Structures are given as C-alpha cells and as structure tokens.
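Working notes, beginning with the structure itself.
The values are calculated or read from the model by the stated rules, or taken from the named source; none is laboratory data. In this text the structure is predicted, and so the values were computed from the model without any measurement. Heads up, the Cβs are rebuilt from the backbone with ideal geometry, glycines too, and the neighbour counts pull from every protein chain shown.
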Amino acid sequence: MSVASVIVDVAAKQTDRAFDYAIPDKWKGIIVPGMRVVVPFGPRKVQGFVVALKEEAEVKRVKPIADLLDLTPVLTPELLEIGHWLTEKTLCFMISAFQVMLPAAMKAKYDKELSLLSKEAYEQLHEQVKPFFQSRSSLKWSEVEKTAAAPAFHRDIQKGLIEVVYVVKNKGNKKTAKGVKLNQSLEEIQQFMSELNKQAEKQKQVLSFMLNRNEEVAIKEIAEDLQITSAPIKALINKGLLAETEIEIYRDPYQDRYFTPSKPFQLTDEQAEAIAPILQDIEENLHDVFLMYGVTGSGKTEVYLQSIDQVLKKGKEAIMLVPEISLTPQMVKRFKERFGSKVAVLHSGLSTGEKYDEWRKIQRKEVSVVVGARSAVFAPFENLGLLIIDEEHETSYKQEENPRYHARDVAIYRGQHHQCPVILGSATPTLESFARAQKGVYKLLTLKQRMNKSSMPSVDIVDMREELRSGNRSMFSTMLFEKMKDRLEKGEQIVLFLNKRGHSSFVMCRDCGYVPTCEHCEISLTYHRYQNKLKCHYCGHEEHVHTECPECHSEHIRFFGSGTQKVEEELTKVLPEARVVRMDVDTTSRKGAHEKLLNKFASGEAQILLGTQMIAKGLDFPNVTLVGVLTADTMLNLPDFRASEKTFQLLTQVSGRAGRHKLPGEVVIQTYTPEHYSIQLASQHDYDAFYKHEMEIRKMHKYPPFFYLALVTVSHENIAKVVSVTDKISQYLRQKLSPQTTILGPVASPIAKIKDRYRYQCMLKYKLEPSLIPLLKYILERYQAEMQKENLTITIDLNPYSMM
DNA sequence: AGCACGCCGACT
DNA sequence: GTCGGCGTGCTC
C-alpha cells in the first residue's frame with residue numbers, strides 16, 4: 001500500500017473529494033485510514049484526513065505526504081463511515097463532517113512564513129524589504145501583508161531571494177510534564193545502589209521508589225512523595241541511571257473536587273419494569289431504540305445510571321448526551337459519584353485544551369463513559385454498549401450550522417452499527433419520537449410516578465389581561481405576589497421563570513406604535529440598560545436611545561417587555577426582604593459562575609431563583625414549593641410550527657421544578673392567552689391530550705411527523721437577486737418533485753434581512769422523495785459559480801428545527 | 001479556499 | 001512597452 005487517499009482541509013465544492021498522495025517509505029505500514037497528515041496542495045500545505053489506502057494512484061503524478069500528525073488514527077473506521085453518511089444526509093462537505101467529530105484543538109491553523117534564502121541574498125533585497133530581515137531570517141506574512149512593502153516583497157519572492165513557507169500548526173494540544181524512567185536493568189541498578197556513597201541517601205530513595213513503580217513518573221511527583229528537591233533526580237539522570245521523558249498530563253477541570261462515591265438506589269417497581277428490556281438488550285447485544293417517557297422527577301437518571309453500570313460490567317462503553325444547558329454541576333456530580341474516573345465530560349464550558357484532554361482520555365480508552373453535549377455523540381469509542389439522549393426533545397441536539405445533523409440520528413446510526421440499545425428520554429417527547437413509539441418503531445417505556453410519591457404540582461393560570469383591567473400593571477399578578485409573600489414567610493423557596501434573556505426589552509412609541517428596528521437586519525432593536533443603548537442581537541449594531549419618536553415626534557417612547565434584570569429590580573422594590581439569585585447569560589458567562597449561583601440558592605442563602613431557559617431543566621431543590629412563569633406566551637407567537645410544542649415542553653419542564661420532595665408544589669403561570677391548549681394542557685400535566693391535539697394540527701397542515709421538511713434559504717445583498725434565485729429553485733423543484741409534495745415559497749424568511757443580506761426561503765413538505773437529495777445537490781452545483789463569485793449563499797437544511 | 005495563469009486598460 | 005486589474009481554472 002503505497003498510496004493514500006486524503007480529504008484535504010479546504011471546504012469547497014471543487015475540493016470535496018479524495019486526493020491521492022504517495023506514502024514515503026518511512027511511513028509505509030504506519031499510515032492507516034483515520035490519521036491526520038499534512039500534504040502539499042497546489043503551492044501550499046494543508047492538513048488532511050487519510051480515508052483509504054491503495055496500491056495505485058488514480059492519477060499519473062502524485063506528491064508525497066509531507067507530514068504525519070498522528071501515531072494512532074483519530075477517526076475510527078466507524079467514524080470515517082459516519083462521515084460519509086453525514087455528507088449524504090446533510091449535504092455538507094466531507095471535511096466538515098470529519099472536523100465536527102474532533103475537538104477544536106485538532107483543527108489545523110495555517111501560517112504563511114517568509115524566509116531569506118541566504119545571507120548573500122540580503123544585499124540584493126529591495127530597500128523596503130531589507131528592514132524586515134535586518135535582525136532575523138524569517139517572519140510571518142501577516143506582518144507584511146497590510147504594509148506598503150507588500151509589492152516589493154512580491155518582487156523579491158519572484159527573484160528567488162525570499163522563500164515562501166507554508167506552515168501547518170497543530171495548535172493547543174498536549175500539556176506535558178518532565179518525568180523520568182529507569183534507564184538500566186534491574187541488576188545494574190541494584191549493583192549501583194550498593195556501591196553508592198553513604199551521603200547519597202536521597203539518590204538511593206529515588207531509585208528504590210522507581211524500582212517500586214517500574215514506570216515513568218513525573219519528577220514533581222517523586223519530589224513531593226519523597227520530600228526532596230529535584231537535585232538527586234537530576235544527578236541520577238546525569239549518571240545515566242534514569243532517562244528523562246515527557247509525560248502527558250491532563251487538565252482536569254474537576255481535579256480539585258471530591259466526589260463521594262454513590263451506590264445504585266433501589267429501583268421502584270416502575271423503574272425496574274422500564275429497565276428490564278434495556279438490560280436484556282445490553283445482555284444480548286441487541287439494538288432497539290427505547291423512548292423513555294417519564295414525568296419530571298420520575299427518576300429517569302437512575303435508570304440511565306444503572307443501565308450504564310450494566311454496560312461497564314460487560315466491558316463496554318456508554319455515551320450519554322444531555323442538552324448543553326442542563327450539563328450542570330449537579331448532573332456532572334451524579335456521574336462522577338457513580339463512575340468516578342471512568343467518566344469524561346465534554347461541554348462548552350471547558351477550554352479548548354480541557355476539551356482536548358477529555359477527548360484524549362476517550363481515545364486512549366482510559367474512560368468508558370462520556371457525558372456531553374451534542375458533539376459527544378461522536379466520541380471515538382469502539383465497543384459501544386449504550387447511547388442515551390436525555391431530554392430528547394431539546395432543540396440543541398440539532399446543529400444549526402454545517403453539518404446540520406441531529407445527534408439523535410447519529411446516535412441511532414451508531415446504535416445499529418454496534419448492535420446496542422439507544423435510550424431517548426423525556427417528560428415531553430417530541431411528537432416525532434412519540435409517534436414512532438406509537439407505531440412500534442421505538443419501544444415505549446413509561447414512568448408515570450414521581451420518585452418520592454409526590455404528586456404533580458397544582459397549576460394556576462392567571463390571565464394577565466384581567467390583571468391589567470383591574471389595574472395591576474406590575475409584572476406580578478396578585479395571585480403570584482400573594483403566594484410569593486406566603487413562601488417567604490414560611491421560609492420556603494421560589495423559582496421564577498422568564499423566557500427573556502438578558503436585561504433587554506424592545507422600545508415602542510405609545511402614540512404611533514413605531515418600533516426602532518436595525519438598519520442592517522429586519523429585527524427590532526433591544527434596549528440594554530447597562531450601556532443605555534439600543535442593540536441589534538443579530539449584527540451588533542448600536543444606536544442611541546430615542547427621546548423623541550422619529551415618526552410622529554411624540555415623547556411617549558416606552559420600553560416594553562421585561563428582561564430578567566428588570567424583574568430583579570422590581571423584586572427588590574416589592575419584596576425588599578427577599579434575596580434573589582438571577583441566572584441568565586449575563587450572570588453565568590464567567591467560568592464557575594453557574595455553580596456559584598446555584599450553591600447560593602441551594603444553601604438557602606437566597607430565597608428566589610430568577611432565570612431564563614437555563615433554570616428550566618434538571619435542577620432539583622427540595623425546598624422549592626412555588627414556581628412562577630412570568631410570561632408563558634412569548635414563545636407561542638414565534639413563526640414556527642413547533643411553537644405550541646415548545647411552549648408545552650417548557651411549561652412542563654418548569655413546573656417540574658416544584659414540589660419534587662416532601663413539600664407539595666404549586667405553579668403559577670401568567671399569560672395573555674390563557675385559553676391556548678398548550679398552556680391549558682401543560683397546566684393539567686396532560687401530555688397525552690396535548691399529543692393528540694397537536695397531532696391533528698400537524699396532520700392538517702402537513703407538518704412532521706406526518707411529513708418531512710426541507711428548507712432552502714437563499715441570501716444575498718440584492719433583494720431582486722434573492723427573489724429570482726429562490727423563485728428559480730422553487731420552480732425547478734415543483735417541476736421535478738412529485739405532486740404529493742408541497743412546495744412553499746419563495747417567501748421572505750422570518751428574519752428577512754440579517755447584516756444587510758436579504759433572505760428568502762422555500763420550504764418542502766414531503767413524504768417520499770427518493771430523488772430529493774440528488775436534486776438538491778444539483779441545485780448547489782448549478783449555483784456554485786454564483787455562490788463563489790457573487791457572495792450568494794444557499795443553505796439547505798433537511799429536517800430543520802429553526803425556521804428562521 | 002488560495003493561488004497562478006492569463007488577457008486587457010493606464011502609466012513611465 | 002510594462003504594471004497590475006480581477007476573471008478562470010486547478011489543486012493528487
């Protein structure tokens with residue numbers, strides 16, 4: 001095998017295929033598919049992934065591989081195969097599919113460097129170039145690029161005085177420490193020890209320590225253990241008895257923490273019944289997809305933990321996905337307590353280096369459980385025994401950039417490959433999953449009871465229009481306010497939920513209804529109190545706050561909608577005795593802030609936890625007896641066919657925070673549309689009725705799970721161009737697709753303009769379209785030239801989750 | 001994506 | 001006649 005097929009790190013249609021390279025003799029038999037290499041590509045060097053080996057190249061002339069980056073493949077054969085599958089399913093480039101499977105630290109950085117060919121060449125350099133090389137012989141092109149000397153450099157490069165070198169950097173990476181290992185045979189060392197000078201007691205200690213361990217040990221560790229300095233160790237290195245080594249050390253984000261080991265709990269009858277078929281699958285190496293539908297607080301996590309335990313006993317590995325937002329310290333703790341150092345954790349809170357280290361632990365098989373967000377589904381395990389997706393309905397499992405994959409699909413694909421079970425867990429399953437369970441495609445496991453036999457909290461719906469009519473203009477209804485006062489007196493705790501991030505709200509003229517919008521994006525500006533400015537959340541554009549309406553010159557400019565910050569201010573006014581913890585993107589962005597705030601609430605130091613989405617899931621505080629949802633309908637009015645489903649899910653999740661233990665819980669939902677079925681049914685904890693009602697609507701409007709969706713979005717600076725392209729695409733598809741398929745559009749996207757680019761879309765609803773993928777591929781090919789030259793973009797999202 | 005090659009307008 | 005503009009096409 002002397003030729004390697006390589007996918008190069010150039011994300012473009014024309015380079016989206018394998019290129020053949022000769023394997024230099026020194027790497028023959030060493031290079032295997034899945035390794036990263038550096039290859040010459042045109043005049044430069046790029047990183048690439050070896051995808052196959054072969055005897056003969058397809059082309060006459062092949063260049064040799066320039067460098068080898070890995071000693072063991074970073075992509076297993078399975079992952080390589082998944083890459084191909086992803087490319088097909090999501091219409092992404094091969095290189096993007098591979099890149100998404102690896103930690104960011106492994107992505108190549110490129111540098112273009114200039115170096116002087118010889119000392120003699122210096123004199124011949126252009127006068128403008130000379131100063132750059134005065135004290136050195138090489139420099140980065142980026143230093144020169146923007147200066148006036150750039151043309152002169154070009155000339156000297158042409159003359160052959162300066163050489164251009166392309167450097168591929170493998171950034172970040174391993175953190176190492178200096179270590180030592182024994183460098184001579186046992187006999188020689190014992191011989192040496194007996195001859196050692198009596199004064200050299202410390203050296204003797206070191207040697208016997210090393211003989212004991214018989215492996216490489218960090219110098220620091222020896223010094224600490226034996227209470228000595230590194231001097232005697234250095235002496236032994238000099239005498240040749242020990243050899244210096246580099247030991248890879250891991251940055252462990254949880255190293256300072258102690259986790260009390262926990263034992264499996266006794267399962268309830270219901271839990272035992274649910275886990276039985278899972279354990280059976282694990283035992284018999286069978287693949288099934290289980291939908292575990294369990295109400296909030298029904299103990300799904302314990303079922304996960306015990307299933308994983310079983311997998312580990314069989315010597316296999318498990319992946320558990322959780323939504324980024326619920327990857328809280330509480331969740332991590334439960335896993336660390338149960339599985340100790342067998343767990344790797346992957347989430348966005350880690351630094352690039354930490355993520356890389358966690359990934360390395362997986363690759364080196366030092367852990368057998370991974371808990372992580374979406375991309376952890378690609379963990380390079382080779383002996384998977386179980387995949388779990390907790391909170392299956394969460395939209396964060398769908399990646400909104402290329403490759404636009406859904407972690408659930410990847411998990412099921414891997415489950416089939418490894419012949420192992422996949423568990424999807426939720427208190428509010430997506431209609432897609434629940435429908436599949438009804439049809440028997442997935443196996444349904446139900447947990448109807450809460451673990452502590454506590455009943456579901458009672459829910460009151462408050463009509464905020466009524467409140468307004470009766471003169472209450474505050475954001476707390478009379479009922480919620482009374483209940484809050486009551487809890488504070490009793491010393492119980494309250495969770496307040498507001499579906500509005502940050503401290504911002506929009507602005508409107510009360511006289512003419514004018515709302516300031518961004519001039520680059522078609523979206524209303526939000527008010528940031530901190531800087532007293534109006535900001536666009538899409539492009540960052542800022543404006544001063546108007547004191548007068550630019551339309552009607554009225555001075556009645558008001559701020560509408562309340563962000564968490566405003567609510568916090570209001571709370572301190574009306575309930576000055578209450579201590580409030582506010583949790584949103586602004587207060588949790590700092591590392592460790594999340595945990596700190598939660599601890600403050602858990603310890604009882606604060607009585608009210610006020611927050612956005614991030615407090616809706618997974619939190620479990622025994623003393624919380626009241627949950628308030630300040631505005632339940634903000635989500636309901638989004639232009640998204642899943643709006644009702646999302647509202648139902650959110651209300652159910654939030655309500656689930658109350659009364660999980662001995663004390664009974666109450667929930668108050670404030671809304672302007674109390675009659676809406678998703679609010680009504682959420683208040684009755686009636687998922688089944690919601691499912692039936694929503695399914696009717698989906699069927700009527702031809703939405704999933706009855707139909708598949710595909711969304712084509714076109715964007716360009718010129719609106720006429722956008723409309724015409726979208727129109728042509730729609731026409732083409734109408735002509736080619738079956739009459740059973742609905743083609744909507746071209747219509748303007750819900751956000752019709754972002755960063756001065758207009759956006760139009762075309763939506764397909766289909767049941768069976770075997771030729772859809774090739775047709776969409778053809779469209780991308782047809783417009784490829786325009787996409788490259790004119791900055792036209794066409795994005796295709798199969799099974800979209802966001803309609804924006 | 002980058003970069004080289006190549007074919008046309010405004011300068012010494 | 002040359003420098004440099006960016007259209008075109010290739011990268012194993």
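Filtering A:277, A:380 for residues that are assigned to a loop (DSSP other than H, G, I, E, B) and assigned by TED's automatic domain parsing to the domain that holds residue A:433 leaves a single hit, A:380.
Within the range A:314-330, the set of residues being closer than 16 Å to residue A:425 by Cα, at pLDDT below 95 and either buried (at least 21 other Cβ atoms within 10 Å of the Cβ) or out of contact with any helix residue (DSSP H, G or I) (no Cβ under 6 Å at 6 or more places or on another chain) (or both) comprises A:322, A:323, A:326, A:327. The residues of the range A:97-108 that are part of a helix (DSSP H, G or I) and surrounded by fewer than 19 Cβ atoms within 10 Å (Cβ to Cβ) amount to a single one, A:104. When the criteria are applied in full, residue A:157 fails the requirement of being surrounded by 14 or more Cβ atoms within 10 Å (Cβ to Cβ), in contact (Cβ under 8 Å) with a residue 12 or more places away in the chain, assigned to a loop (DSSP other than H, G, I, E, B) and of a type in the set (Val, Ile, Thr). In a residue-by-residue description of the range A:174-186, the property of being more than 30 Å from residue A:352 (Cα to Cα) and either exposed (fewer than 14 other Cβ atoms within 10 Å of the Cβ) or within 16 Å of DNA strand C (Cβ to nearest atom) (or both) applies to at least one position.
Conditions (1) in contact (Cβ under 8 Å) with a residue 40 or more places away in the chain; (2) hydroxyl-bearing (Ser, Thr, Tyr); (3) assigned by TED's automatic domain parsing to the domain that holds residue A:786; (4) in contact with a Phe, Trp or Tyr (Cβ under 7 Å, 6 or more places away or on another chain), marked per residue:
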position	(1), (2), (3), (4)
A:654	yes, no, no, yes
A:667	yes, no, no, no
A:672	yes, yes, no, no
A:682	yes, no, no, yes
A:702	yes, no, no, no
A:728	no, no, yes, no
A:734	no, no, yes, no
A:746	no, no, yes, yes
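Of the residues that sit in the range A:116-136 and are closer than 24 Å to residue A:169 by Cβ and loosely packed, with under 14 Cβ neighbours inside 10 Å, which one is farthest from DNA strand B (Cβ to nearest atom)?
First, pick out the residues of the range A:116-136 that are closer than 24 Å to residue A:169 by Cβ: A:116-117, A:132-133, A:135-136.
Next, from what is left, pick out any that are loosely packed, with under 14 Cβ neighbours inside 10 Å: A:135-136.
Details: A:135: 25, A:136: 21 Å.
Here the residue is A:135.
Among the residues of the range A:645-665, those that are at pLDDT 90 or above and among the charged types (D, E, K, R) comprise A:645, A:646. Considering each residue of the range A:160-196, count those that are part of a helix (DSSP H, G or I) and of a type in the set (D, E, K, R), and give that number. Going through the range A:160-196 one residue at a time, the tally reaches 3. For the range A:29-79, taking the residues that are among the charged types (D, E, K, R) and touching a Phe, Trp or Tyr at 6+ places or on another chain (Cβ under 7 Å), the one that is nearest to residue A:168 (Cα to Cα) is identified as A:45. Residue pairs whose Cβ atoms lie under 9 Å apart, separated by 6 or more positions or on different chains, with the first residue in the range A:103-115 and within 16 Å of DNA strand C (Cβ to nearest atom) and the second of a type in the set (Ser, Thr, Tyr) and assigned to a strand (DSSP E or B), are A:110/A:166; A:112/A:166.
Looking only at the range A:18-30, count how many residues are at negative phi and more than 8 Å from DNA strand C (Cβ to nearest atom). Number of matching residues: 7.
A residue that is within 16 Å of DNA strand C (Cβ to nearest atom) and among the charged types (D, E, K, R) occurs somewhere in the range A:774-784. Tell me, please, whether a residue that is among the hydroxyl-bearing types (Ser, Thr, Tyr) and surrounded by fewer than 12 Cβ atoms within 10 Å (Cβ to Cβ) can be found in the range A:501-518. Looking for residues that are among the hydroxyl-bearing types (Ser, Thr, Tyr) and surrounded by fewer than 12 Cβ atoms within 10 Å (Cβ to Cβ), one finds none in the range A:501-518, hence no. Restricting A:72, A:76 to residues that are more than 16 Å from DNA strand C (Cβ to nearest atom), of a type in the set (Ser, Thr, Tyr), closer than 20 Å to residue A:360 by Cβ and surrounded by fewer than 16 Cβ atoms within 10 Å (Cβ to Cβ) narrows the list to A:72.
Checking each residue in the range A:26-53 for being in a loop (DSSP other than H, G, I, E, B) and either more than 16 Å from DNA strand B (Cβ to nearest atom) or in contact with an Asp or Glu (Cβ under 8 Å, 6 or more places away or on another chain) (or both) picks out A:28, A:29, A:30, A:31, A:32, A:33, A:34, A:35. Within the range A:52-78, residues that are under 16 Å from residue A:7 (Cβ atoms) and in the same structural domain as residue A:40 (by TED's automatic domain parsing) sit with their Cβ atoms under 9 Å from residues that are more than 16 Å from DNA strand C (Cβ to nearest atom) and assigned to a strand (DSSP E or B), at 6+ positions apart or across chains, in these pairs: A:68/A:36; A:69/A:36; A:70/A:36; A:73/A:36; A:74/A:36; A:75/A:36. Residues of the range A:1-17 that are more than 7 Å from DNA strand C (Cβ to nearest atom) and of a type in the set (S, T, N, Q): A:2, A:5. Selection of the range A:219-230 for residues being closer than 14 Å to residue A:247 by Cβ and touching a Lys or Arg at 6+ places or on another chain (Cβ under 7 Å) yields only A:219.
Residue by residue through the range A:40-61, note down the ones that are more than 12 Å from residue A:18 (Cβ to Cβ), surrounded by fewer than 18 Cβ atoms within 10 Å (Cβ to Cβ) and near DNA strand C (Cβ under 10 Å from one of its atoms).
Let us first name the residues in the range A:40-61 that are more than 12 Å from residue A:18 (Cβ to Cβ), namely A:40-47, A:55-56, A:60-61.
Imposing the further condition that a residue be surrounded by fewer than 18 Cβ atoms within 10 Å (Cβ to Cβ) reduces the set to A:40, A:42-44, A:55-56, A:60-61.
Scanning the range A:40-61 gives A:40, A:42, A:43, A:44, A:60, A:61.
Screening residue A:94 with (1) more than 16 Å from DNA strand C (Cβ to nearest atom); (2) among the aliphatic types (A, V, I, L, M); (3) within 19 Å of residue A:409 (Cβ to Cβ) gives one miss only, at (1). Kindly evaluate residue A:125 against the criterion of being more than 16 Å from DNA strand C (Cβ to nearest atom) and more than 21 Å from residue A:167 (Cβ to Cβ). Yes: the conditions hold for residue A:125. Evaluating residue A:306 against the criteria (1) touching a helix residue (DSSP H, G or I) at 6+ places or on another chain (Cβ under 7 Å); (2) within 22 Å of residue A:372 (Cα to Cα); (3) in contact (Cβ under 8 Å) with a residue 60 or more places away in the chain leaves one unmet condition, (3).
Listed by first and then second residue, the pairs with beta-carbon distance under 9 Å, at least 6 apart or on different chains, first residue in the range A:1-25 and part of a strand (DSSP E or B), second within 12 Å of DNA strand B (Cβ to nearest atom) and among the acidic types (Asp, Glu), are A:7/A:16. The helices (runs of 4 or more DSSP H) found entirely in the range A:553-630 that carry 2 or more residues being in the same structural domain as residue A:472 (by TED's automatic domain parsing), at pLDDT 80 or above and under 24 Å from residue A:472 (Cα atoms) are A:564-574.
For the range A:406-509, the helices (runs of 4 or more DSSP H) that sit wholly inside it and include 1 or more residues that are among the hydroxyl-bearing types (Ser, Thr, Tyr), modelled with pLDDT of 95 or more and closer than 30 Å to residue A:703 by Cα are A:407-418, A:431-439.
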